[in-house]
Number of protein chains: 6
Amino acid sequence: MGGVVIQNVERADATIIAGLAKAGVATVHEAQGRRGCLAPHLRPIWPGAAIAGSAVTISAPPGDNWMLHVAIEQIQAGDILVLAPTSPCTDGYFGDLLATSAMARGCMGLVIDAGVRDIRDLREMGFPVWSKAVSAQGTVKETVGSVNVPIVCGGQAIEAGDVIVADDDGVVVVRRDEAATVLASAQSRLAAEEAKRARLAAGELGLDIYDMRGKLAQKGLRYV
Amino acid sequence: MGGVVIQNVERADATIIAGLAKAGVATVHEAQGRRGCLAPHLRPIWPGAAIAGSAVTISAPPGDNWMLHVAIEQIQAGDILVLAPTSPCTDGYFGDLLATSAMARGCMGLVIDAGVRDIRDLREMGFPVWSKAVSAQGTVKETVGSVNVPIVCGGQAIEAGDVIVADDDGVVVVRRDEAATVLASAQSRLAAEEAKRARLAAGELGLDIYDMRGKLAQKGLRYV
Amino acid sequence: MGGVVIQNVERADATIIAGLAKAGVATVHEAQGRRGCLAPHLRPIWPGAAIAGSAVTISAPPGDNWMLHVAIEQIQAGDILVLAPTSPCTDGYFGDLLATSAMARGCMGLVIDAGVRDIRDLREMGFPVWSKAVSAQGTVKETVGSVNVPIVCGGQAIEAGDVIVADDDGVVVVRRDEAATVLASAQSRLAAEEAKRARLAAGELGLDIYDMRGKLAQKGLRYV
Amino acid sequence: MGGVVIQNVERADATIIAGLAKAGVATVHEAQGRRGCLAPHLRPIWPGAAIAGSAVTISAPPGDNWMLHVAIEQIQAGDILVLAPTSPCTDGYFGDLLATSAMARGCMGLVIDAGVRDIRDLREMGFPVWSKAVSAQGTVKETVGSVNVPIVCGGQAIEAGDVIVADDDGVVVVRRDEAATVLASAQSRLAAEEAKRARLAAGELGLDIYDMRGKLAQKGLRYV
Amino acid sequence: MGGVVIQNVERADATIIAGLAKAGVATVHEAQGRRGCLAPHLRPIWPGAAIAGSAVTISAPPGDNWMLHVAIEQIQAGDILVLAPTSPCTDGYFGDLLATSAMARGCMGLVIDAGVRDIRDLREMGFPVWSKAVSAQGTVKETVGSVNVPIVCGGQAIEAGDVIVADDDGVVVVRRDEAATVLASAQSRLAAEEAKRARLAAGELGLDIYDMRGKLAQKGLRYV
Amino acid sequence: MGGVVIQNVERADATIIAGLAKAGVATVHEAQGRRGCLAPHLRPIWPGAAIAGSAVTISAPPGDNWMLHVAIEQIQAGDILVLAPTSPCTDGYFGDLLATSAMARGCMGLVIDAGVRDIRDLREMGFPVWSKAVSAQGTVKETVGSVNVPIVCGGQAIEAGDVIVADDDGVVVVRRDEAATVLASAQSRLAAEEAKRARLAAGELGLDIYDMRGKLAQKGLRYV
């Protein structure tokens, strides 16, 4: 029972993707109705990276990284590899050689619900990874999986071509056909936050800015 | 069944608090009889911060950060927000806007047995947080909780006005009325350690400095 | 029922150990047939250290660090302390005083399937630790354990004198009598990787370099 | 930003569903290419139940069970409630009153990636539940979620109307439009297993029945 | 630094305690405002027990069960032992000999945020335990702890003499001086539930019984 | 790099093994100096089994159960299969067909630091398993491992031919060459416990039976 590689994947517009990267994970997540956050066990292997890109999805067996080689051929400039093992695994699927290859194809980074290794090299190369674990434990190349099929990664359903946004706060997925709307909403939020930040910095309270006192009293909050 | 906000909370003396911050978490914990350490899953979102302050406690529902707005009004300069959800949660209750507001009130930092977000901003603002998770997953403002009631955070019972000490080793709580005694004991320990450090650095063994050989033999330790 | 300290432990050759440190954890692990990696919950308390040394093993009761004092006397220059508690524990067994003492004896670092504290001091002293937790929670000195007996640490069986290699990717153990063979194999791998890295950086695909296309087709991988 | 209830959901044929229940989770999972198993942390609250039914999906906030009341109205005889919280939660969303209501509507059981309570009552009522936790911790009814939208539960993407099969081995999801094919494949497997079971019980080895010796030798397995 | 045993502990009235046992954990927890549930990792070692009693609290070092012997002397008929280790531990602190001794003193059961062993014997003796783990791993008797001091167990602050209620749903604590009020509230809830159960069993919906439709619409819930 | 099957494995004497089974896990563990307990996450899939046997060890890749077929050929009557994956895995390696085959060869049971499935069948067949998980998730047969090599399972180093004892309390390993001594010690403990049990049941305190009061006072325990 073999796997499948889906080759023609539509991507979102590069300008929209760039806008989402700039807005950042927390804002994008709020802008689409508090949806799409991948589980917080996916952490960056080095701090400071903030990227967005189109998902090249990978479904791989536990402890088998063969499909990463297959997926790298499917990368277009600006893509992000997103790997979900078919059962929980912390093995180190990805290291400096695969990163070298992925970067040569224009890959922006990797999101992997498993392990990664050679992290000092990856940091020096500037290749960002969000992973569940750092592990030197190697993998085999024996069993096929699939590329660009729908996967669940970090508890979120992801399709090839969906937009992945990742920064120090974690990872969020935006449906490809909602990306423009989400970006617009995110930019509105950012503008609105600017004004609030100034008032809060001046010592004004959220209780007053957001007019919460009446609603709190109505819910029964008592001051003693 | 509404929540409650307790407004008049006694704090420990600022000089004592400053002394505890300087002594650090590990020493303070030992000085009070190896008590008071919060669970080690509470980790700093950036390294190097070392603070102490009076606890403003928050009991909040899972996925609901409304009470943070309420708590910020109760902050006095030098306080630390300490939030425990009423059931386990990793959502991002707190980000840069709330930090801006808290800092404007003189808040020293946040200890939260849940998630936090906008961590790059918080690092740049110099606002320290000890949390269970980093998560962009947003929260709602629908259900009231309580402020300055006794809580359990990281496995320790904490009352409003207790002294919280936090650094790279984690977080420890000191009862308000024991703070002076604990500080004195901590300072004695630090002085005693200075002498021991010099001897150990010179190659002397703990086995000899602490006179352990006889007791080890008595307990049956054999050298082969 | 007392413990035991085994005093005469054979070590591997220092040149071999240095070679293994240079090869790094991931390569050494591959070079010995994907064996020997300690569990990925053992993480460095500060990034960048890359060491190798001979294991001084410690079997210690939960929450009792007495045997660390005993073990430090057994250290020879270039050794690494490796501690496994007899049941799972996150307490802070080790801090700056013990590190001062261990460094004075020529210790290279600590691998501990439990907690460590004073991590800011350890970072400043340049003493590397791979641990399961950071915790200020103190320990007692009441119950004896053993030194240089076989232990299981991070899921790997380790004997005194085995070579421990540790870097940002984690920790791997190499049997003392296999160290020379593993080093040779690791060096071959590194040489082979150099050539592949250049080809991958030039955009050539792993699929072609490793001649995978036929085997993938044979396993049923379909492109659609 | 309110939730949504999708009311017209297509179900699979009742005969097919009954066949899948009889085949059981492990066989169904194999029959569809080792896909669809929910995470093993979803365990039955009492042993022996073996059901299948059409999914009524629920996306609910952490600690808020309001949508269960909404979902129960959408139940048709033979359905299974499947609840995924929008962030990890162990609270007890469901107990004997909701079970009474669900059973009155013909509900077969509940799969919930969170907690359940009143489990003694549920066992006595014969209402089966697969949950992540047993917890008496109550929930609120403050925030709306959605019913019959696509969810991710136990790491699997599930749509309303998909077939859920659950027994002592856990839970598996079958796409509605694949249910007939999967059933046919499952029934073939069961027939084939019968013959193999007899041979294995007679002492014949899998190595011979499946003709593995040559392939093992080819992969390098050595007998010493 | 020795421990302490507090000998004179006030208990709640036996009739109230019996009433709370009958109401059960989930109802008692709701009756006191959704407070007091111990963490759901505390599970019964055999199903069906449903008890309540006054807490004899124990603070014990990790891997050291000495204080259980001390605590047993403090037991009065109807008491429940409640043990919290000073740092996380899964060792088997308690087995059939201690249970024999505790039962001889009138002990109702044990709640322990650690491990227990001899569970087949305990089941046959009818001695109920709620624990974090089952583990044969033994403990020592080297370090003193304290009895009847305030502890945190399963994430709840518990004082000696507080009422512990435990059944298949887990464990809840009721403050001694609130026990009568909580019982009254629990009994009201049970009465109210009876009527609702009948209506739900007859097919009436919670949406109608609790008059939720308007409020749901107001929060934005849409039916499509 | 292929695996290896070691064929000539010495076993302990059957009478000794039977004696260890009767003594039970907790007593055997104490009798050998509180050593040898496997981690408590290894739980029986049905209660009441109490077995001992000689270990046939299996080192298997994650998600690959091929070596179980190889191992079954190595079984002698009275053996226990002990499987450790080379990296953490919860997949269901073993079900009713393999159990049928293993039972036909005289296998007593399975200890597996991974998942198992068909647990209702296994219960009905009376085949006992101690596992980390129950999971229907299937495995492949692509990569070779090894049989009867030293492994680490549940945190304990185990060699082929070591004696495994398992019951409701978990699993313990006894070195083959220590089995007779451990049995003798276990039987002494059981005899001594009988007398103590009678005294404890009569209400005598462990404090007095074990003469603990003086030592407790010396360690600083105070009664108030």
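The values are calculated or read from the model by the stated rules, or taken from the named source; none is laboratory data. Fair warning: this is a prediction, and the values are worked out from it, not measured in the lab. Cβ atoms come from the backbone with ideal geometry, glycine included; neighbour counts cover every protein chain shown. Side chains included, ligands, DNA and RNA excluded: accessible areas come from the protein's heavy atoms. Shrake-Rupley method; radii C 1.70, N 1.55, O 1.52, S 1.80 Å.
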For region E:175-215 and region A:53-76, what is the centre-to-centre distance using only Cα atoms, to the nearest Å? 53
Residues of region D:1-106: accessible area per residue at 1.4 Å, in Å²? 30
Determine which residues of region B:163-204 fall in the zone a paramagnetic label at residue B:211 would reach in this model, i.e. backbone nitrogen under 20 Å from the point 7 Å along Cα→Cβ. B:189, B:192-200, B:204
What does the highest-first list of C:200-209, E:161-170 look like by mean Cβ count within 10 Å? E:161-170, C:200-209
Could you tell me which of the pairs A:219/E:196; B:22/B:196; C:22/C:196; B:215/F:22; B:141/D:132; B:141/E:215 are separated by over 28 angstrom between their Cα atoms in the structure shown? B:215/F:22
Just checking the output field for F:167-173: average partner chain Cβ neighbours within 10 Å of each residue's Cβ? 6
Can you compute the helix-only [θ] at 222 nm over chain E? Use -39500 (n - 2.57) per DSSP H run of at least 4 residues, normalise by all residues, nearest 500 deg cm²/dmol. -9500 deg cm²/dmol
When the charge dipole of region B:124-169 is computed with +1 at the Cβ of Lys and Arg and -1 at the Cβ of Asp and Glu, the Cα pointing farthest to the positive end, of B:137, B:160, B:125, is that of B:137
Can you run the Rg to Rh ratio on chain F? Use alpha carbon positions and the Kirkwood inverse-distance Rh. 1.07
Cα gyration tensor category, rounded, prolate or oblate, for region F:66-111 with a/c compared to 1.5: prolate
Packing rank of D:177-185, A:82-90, where each peptide gets the mean count of other beta carbons within 10 Å, highest leading: A:82-90, D:177-185
Could you give the DSSP H helices of chain B that reach 15 angstrom or more along their long axis (alpha carbon positions) and whose average Kyte-Doolittle hydropathy is no lower than -1.0? B:179-201
Counting only DSSP beta bridges with both partners in the protein assembly as shown, the antiparallel fraction in percent, to the nearest 5, comes to 45
Complex-versus-alone comparison for region C:20-56, residues with a loss of 10 Å² or more in accessible area, probe 1.4 Å: C:26, C:29, C:30, C:33, C:34, C:37, C:40, C:43, C:47, C:48, C:50
Convex hull of region B:113-161 built on C-alpha atoms - directionally averaged projected area, nm²: 4.6
Going by amide H atoms built from the backbone, whose H comes under 5 Å of the H on residue A:116, apart from near neighbours? A:93, A:133, A:134, A:135
Can you give me the pair-distance distribution of the protein assembly as shown, C-alpha pairs, 10 Å bins, whole percents? 2, 8, 17, 23, 24, 17, 8, 2, 0
Assuming a viscosity of 1.002 mPa s and a temperature of 20 °C, what translational diffusion coefficient in µm² per second does Stokes-Einstein assign to region E:35-88, Rh being the Kirkwood radius over Cα pairs? 167
Quick one: the Cα spread of region F:1-96 along its three principal axes, in angstroms, biggest first? 40, 30, 28
Per-residue mean of C-beta atoms belonging to partner chains within 10 Å, peptide D:66-78: 3
What is the Cα coordinate range of region E:175-224 on the first, second and third principal axes, sorted by size from largest, in whole angstrom? 50, 27, 12
Can you list residues whose amide H is under 5 Å from residue A:3's amide H, if they're 5+ apart or on another chain and H is modeled 1.01 Å from N? C:221, C:222
Report the semi-axes of the equivalent ellipsoid for region F:91-140 in whole Å, largest first, where each axis is √(5λ) for an eigenvalue λ of the Cα gyration tensor. 16, 11, 10
Restricting to bridges with both residues inside chain A, how much of the DSSP beta-bridge set is antiparallel, in percent to the nearest 5? 45
For the protein assembly as shown, which whole percent of the accessible surface, found with a 1.4 angstrom probe, sits on carbon and sulfur atoms? 50
Per the C-alpha gyration tensor (a ≥ b ≥ c, the square roots of its eigenvalues), region D:36-141 is rounded if a/c is under 1.5, else prolate if a/b beats b/c, else oblate; here it's rounded
So for R0 = 35 Å, FRET eff. of residue F:222-residue B:180 from the Cβ-Cβ r, to 0.05, ends up at 0.95
Region D:91-224: equivalent-ellipsoid semi-axes (sqrt of 5 x gyration tensor eigenvalues, Cα, Å): 42, 18, 17
Taking each residue in D:97-106, count the Cβ atoms of any other chain within 10 Å of its Cβ, then average. What number comes out? 5
What area, in nm² and to one decimal, does the C-alpha convex hull of region E:20-60 cast on average over all directions? 3.9
Buried accessible area between B and A, both sides, 1.4 Å probe, in Å² rounded to 100, is 3100
